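The values are calculated or read from the model by the stated rules, or taken from the named source; none is laboratory data. What you see is a predicted model, and the numbers here were worked out from it, not measured in a lab. Because the Cβ atoms are built from the backbone with ideal geometry, glycine has one as well, and the counts that use them run over all protein chains shown.
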Amino acid sequence: MILIVDVNVIISALIKDSKSREVLTFSSFIFYSPDTLLESIEKYEEEIMEKSGIMGEEFETLLNFILGKVNVVKQEDYKFKLEEAKGILGHVDVEDVPFIALALSIENDGI
């Protein structure tokens with residue numbers, strides 16, 4: 001099963017040892033996410049570390065492990081669907097537009 005994974009799922013998996021982390025790290029699903037995922041994680045990294053209680057090298061190890069389970073797709077590979085995605089969801093949450101664009105551009109089973 002191929003799934004587009006939202007940044008909130010990744011952040012949740014980083015903050016605590018939860019179902020999100022379990023599914024991301026131990027399931028047989030194939031995960032994809034747009035490269036905006038990396039920007040969001042970087043933007044909120046301090047807050048994520050504070051909430052998780054995991055700092056420094058330990059946090060980087062967990063982040064790399066989780067990101068190793070996600071195929072991060074460059075914008076150039078889904079940019080042709082950005083306008084369509086903006087029409088679908090842009091009025092609700094502009095930050096989710098890349099996830100919809102990616103879902104429209106590759107074969108997948110859902111977000």
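For segment 76-111, which positions are modelled with pLDDT under 95, part of a loop (DSSP other than H, G, I, E, B), surrounded by 11 or more Cβ atoms within 10 Å (Cβ to Cβ) and within 16 Å of the chain's Cα centre (by Cα)?
I111
Can you pull out the residues in segment 1-19 that are in contact with a Leu (Cβ under 9 Å, 6 or more places away or on another chain) and either free of Cβ contacts under 8 Å to residues at least 12 places away in the same chain or part of a helix (DSSP H, G or I) (or both)?
If the condition is that a residue be in contact with a Leu (Cβ under 9 Å, 6 or more places away or on another chain) and either free of Cβ contacts under 8 Å to residues at least 12 places away in the same chain or part of a helix (DSSP H, G or I) (or both), then V7, V9, I10, A13, L14 are the ones that fit.
Tally up the residues in segment 26-39 that are of a type outside the set (A, V, I, L, M, F, W, C) and either in contact with a helix residue (DSSP H, G or I) (Cβ under 8 Å, 6 or more places away or on another chain) or surrounded by 18 or more Cβ atoms within 10 Å (Cβ to Cβ) (or both), please.
Here is the first cut: in segment 26-39, the residues of a type outside the set (A, V, I, L, M, F, W, C) are 27-28, 32-36, 39.
Still in the list and also either in contact with a helix residue (DSSP H, G or I) (Cβ under 8 Å, 6 or more places away or on another chain) or surrounded by 18 or more Cβ atoms within 10 Å (Cβ to Cβ) (or both): 32-36.
Total satisfying the criteria: 5.
Collect the residues in segment 40-53 that are over 20 Å from A103 (Cβ atoms) and either touching a helix residue (DSSP H, G or I) at 6+ places or on another chain (Cβ under 6 Å) or of a type in the set (S, T, Y) (or both), keeping them in residue-number order.
Filtering segment 40-53 for residues over 20 Å from A103 (Cβ atoms) gives 42-53.
Y44, I48, M49, K51, S52, listed by residue number.
Within the bounds of segment 67-75, is there any residue that is in contact with a Pro (Cβ under 9 Å, 6 or more places away or on another chain), crowded, with 18+ Cβ neighbours inside 10 Å and either under 20 Å from I41 (Cβ atoms) or among the polar types (S, T, N, Q) (or both)?
Of all residues in segment 67-75, those in contact with a Pro (Cβ under 9 Å, 6 or more places away or on another chain) come to 72-75.
Checking the rest, the ones that are also crowded, with 18+ Cβ neighbours inside 10 Å come to 73.
Adding the requirement that they be either under 20 Å from I41 (Cβ atoms) or among the polar types (S, T, N, Q) (or both) leaves 73.
The answer is yes, given that some residue of segment 67-75 is in contact with a Pro (Cβ under 9 Å, 6 or more places away or on another chain), crowded, with 18+ Cβ neighbours inside 10 Å and either under 20 Å from I41 (Cβ atoms) or among the polar types (S, T, N, Q) (or both).
May I ask you to list the residues in segment 48-66 that are in a helix (DSSP H, G or I), more than 14 Å from D6 (Cβ to Cβ) and of a type in the set (A, V, I, L, M)? Reasoning before the result, please.
Our first condition is that a residue be in a helix (DSSP H, G or I); within segment 48-66, this holds for 48-52, 56-66.
Add one more test, that the residue is more than 14 Å from D6 (Cβ to Cβ), and what stays is 48-52, 56-65.
Residues satisfying the conditions are I48, M49, L62, L63.
Any residue at all in segment 40-47 that is part of a helix (DSSP H, G or I), loosely packed, with under 13 Cβ neighbours inside 10 Å and within 16 Å of the chain's Cα centre (by Cα)?
So far as segment 40-47 goes, yes, one or more of its residues are part of a helix (DSSP H, G or I), loosely packed, with under 13 Cβ neighbours inside 10 Å and within 16 Å of the chain's Cα centre (by Cα).
Tell me which residues, restricted to segment 28-39, are aromatic (F, W, Y), in a strand (DSSP E or B) and over 13 Å from A101 (Cα atoms).
F31
Give just the number: which of (1) among the polar types (S, T, N, Q); (2) surrounded by fewer than 18 Cβ atoms within 10 Å (Cβ to Cβ); (3) within 23 Å of A103 (Cα to Cα); (4) touching a helix residue (DSSP H, G or I) at 6+ places or on another chain (Cβ under 7 Å) does S20 not satisfy?
Here S20 clears every test but (2).
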